[in-house]
1. Beyond 30 Å, how much of the Cα-Cα pair distribution for chain A remains, as a whole percent?
2. When the helices in chain A are scored as -39500 (n - 2.57) per DSSP H run of 4 or longer and the sum is shared across all residues, what 222 nm value do you end up with, to the nearest 500 deg cm²/dmol?
3. Take every Cα pair under 8 Å in the range A:10-56 that's 6+ residues apart, average their separations, divide by the length, and report that relative contact order as a whole percent.
4. Output the relative contact order of chain B, whole-number percent, from Cα pairs under 8 angstrom with separation of 6+ residues.
5. Identify, for chain B, the residue whose C-beta comes nearest the rotation axis onto chain A, and round that distance to whole Å.
6. Counting only other chains, what is the mean number of Cβ atoms within 10 angstrom of the Cβ of each residue in peptide B:123-129?
7. Give the nm distances, rounded to one decimal, from A:ALA51 to the matching residue in every other copy, measuring between label points 7 Å along Cα toward the beta carbon; shortest first.
8. Against the longest alpha carbon principal axis of chain B, how many degrees, from 0 to 90 and to the nearest 10, is the axis of helix B:116-131 turned?
Protein chains: 2
Amino acid sequence: MVKKPAATPRREESLSRGRIIEAAIALLDEAGESGLTFRALSQRLATGPGAIYWHVANKSELLTAACDTIVARTMDAPLADATPEDTIRAIALGMFDAIDEHPWVGSALTHAPGQLPVIRILERLGRQLQALGVPQACQWRTVSALLNYILGVGGQNAANRQFAQAEGLDRTEFLGSVANAWSDLDPDDYPFARSVAGLFPDHDDREDFLFGVDLILRGVGT
Amino acid sequence: MVKKPAATPRREESLSRGRIIEAAIALLDEAGESGLTFRALSQRLATGPGAIYWHVANKSELLTAACDTIVARTMDAPLADATPEDTIRAIALGMFDAIDEHPWVGSALTHAPGQLPVIRILERLGRQLQALGVPQACQWRTVSALLNYILGVGGQNAANRQFAQAEGLDRTEFLGSVANAWSDLDPDDYPFARSVAGLFPDHDDREDFLFGVDLILRGVGT
DNA sequence: ACCTGAACACCGTTCAAGT
DNA sequence: ACCTGAACACCGTTCAAGT
């Protein structure tokens, strides 16, 4: 008598877009950007790869949707009443911390220009610029500047993490290896990079990030 | 008598790292980021995929090397004597234009944190900040801010191009479709995004970019 | 030393077939 | 309507074998 091979365990709830996105986030957090695979995802959901396509158009849409879940959660966090400047700082720091916790969000944002996750951030920043009295004609350029700075830092952070992970280094080891590489540069060609490599391992990413936000805000104020 | 199948045409010069990078740049310019494939590249070089690995460690190294060629060319361009501020503007604009011409450079930069292409930009910017009299303790944070802004804009530009190309739209059509999508947002949830969508299709990316650079420079000056 | 190209271990995506 | 899973058309990378 031929016995059927042990069936894969039945999932309890039926598939849904929400459950798929939830599983994608968990996978991305555990295994990084390269860990999100339709095969790995369908295994986690106890289904076949094809099933996911019933609820989601393709991988890019899935990644953007996962990113949007994190961004929405971050942007919906209530903020204490504060000056527009402080609120902008809080929004920016919120994104910085979210990307720190979910590095894949940094690169997902870069790959979804003009999409909902980016719009959410832009909307919150823009309102504060209006409150700040930035003239209408300058509002677009000013949010753009703030947003692009935030996206730039986020992308670099994401890439740093991925790089470190690929080499099996932790943050300190990775920064150390970069600092070493910079110190070995030709003194004639790269005096500045060398001069800055020394104080590199002790710096605080978060403080540096905020410094840049303040630089822009100071520019807006004048 | 068995005839051998027509041999693939012999290449004239032998393979070298330089020729591979050159071919990679041509391929990236013609077919975009997704066009760079070891198969496509080896066909263009009239060789097998394995041959490339003799000269180049892997795809990521190849992409970074191609990116570095463009960045080096851009950073080595002589600049007219000018104030440090104007020189910084020229450096930033040089990168903006290079990414405009080679959109893949924008995303390659994001994926090579702390690597040579980024160092080249950082070095040039940093020297101007020194000339500007930025105190040593602030130099790292200030270049970081400028650099991250440039990388952020570059990444967005690259993504915009890729998106437009994937949908078969030109720049104007793409901007129009984004503006439409923004105009359809819920008026209660996204008033700012909607207010800004209107003047969206006529804006000048390059001017917006420069506006952000000036914002940061103004912040540095105070 | 340098090159060849088949083979390996993956991908995202599709689609006939099932329930 | 929703799910299954084999199949398709790709990838990057390796490696025995050639010159």
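No lab work stands behind these numbers, since they all come straight from the coordinates. These figures come from a predicted structure and were not determined experimentally. Please note: Cβ atoms are built from the backbone with ideal geometry, for glycine as well, and neighbour counts cover all protein chains shown.
1. Values: 9653 of 24531 pairs.
Across chain A, Cα pairs with separations above 30 Å total 39 percent.
2. Details: 11 runs with 158 residues, N = 222.
Using -39500 (n - 2.57) per qualifying helix, the result is -23000 deg cm²/dmol.
3. Numbers: 29 pairs, mean separation 18.4, N = 47.
This gives 39 percent for the range A:10-56.
4. Numbers: 176 pairs, mean separation 38.2, N = 222.
Computed over chain B, the figure is 17 percent.
5. Nearest residue, distance rounded to whole Å: B:GLY152, 1.
6. Values: counts 9, 1, 1, 6, 3, 1, 1.
Partner Cβ neighbours, averaged per residue: 3.
7. Output for A:ALA51: 4.8 nm, nearest copy listed first.
8. 30 degrees
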